[in-house]
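Data first, discussion second: the structure below is written as structure tokens.
The values are calculated or read from the model by the stated rules, or taken from the named source; none is laboratory data. Remember, predicted model here, so these are calculated numbers, not experimental data. Quick reminder, even Gly has a Cβ in these numbers, built from the backbone with ideal geometry, and neighbours come from all protein chains shown.
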Amino acid sequence: MAKNWYPIIDYSKCNGCLTCANFCPHGVYAVEDGKPVVVNPLECVEFCRGCQKLCDYGAITYSAEVRIHG
Ligand code: SF4
Ligand code: SF4
């Protein structure tokens, strides 16, 4: 994947409020089992942080920021 900007959900922090999924106007998220799932990462707008700003639980980071642990 050439693009490297899309949200990654930390499910240990996410409480399933779905604010992010309901907000994003680009169809990046779907909802599965009551949790947001990133299904269309290529639709995410580069450097947009709209959903992250609305997440009160600090559960959203972006692919470009994530370090792989281990
Ligand atoms: S806004 Fe945050 S807590 Fe709410 S569903 Fe999205 S990631 Fe989870
Ligand atoms: S960063 Fe913006 S475009 Fe990307 S999923 Fe969140 S609200 Fe949608």
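Annotations
- Residue under evaluation Glu43, criteria (1) at pLDDT 95 or above; (2) touching a Leu at 6+ places or on another chain (Cβ under 9 Å), criterion not met: (2)
- On the stretch given as region 1-55, residues that are in a strand (DSSP E or B) and farther than 18 Å from Val66 by Cα total 6.
Yes/no matrix, rows are residues, columns are (1) surrounded by fewer than 14 Cβ atoms within 10 Å (Cβ to Cβ); (2) of a type in the set (Asp, Glu); (3) touching an Asp or Glu at 6+ places or on another chain (Cβ under 7 Å):
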residue: Cys20; (1), (2), (3): no, no, no
residue: Cys24; (1), (2), (3): no, no, no
residue: Gly27; (1), (2), (3): yes, no, yes
residue: Ala30; (1), (2), (3): yes, no, no
residue: Val45; (1), (2), (3): yes, no, no
residue: Cys51; (1), (2), (3): no, no, no
residue: Cys55; (1), (2), (3): no, no, no
residue: Gly58; (1), (2), (3): yes, no, no
residue: Ser63; (1), (2), (3): no, no, no
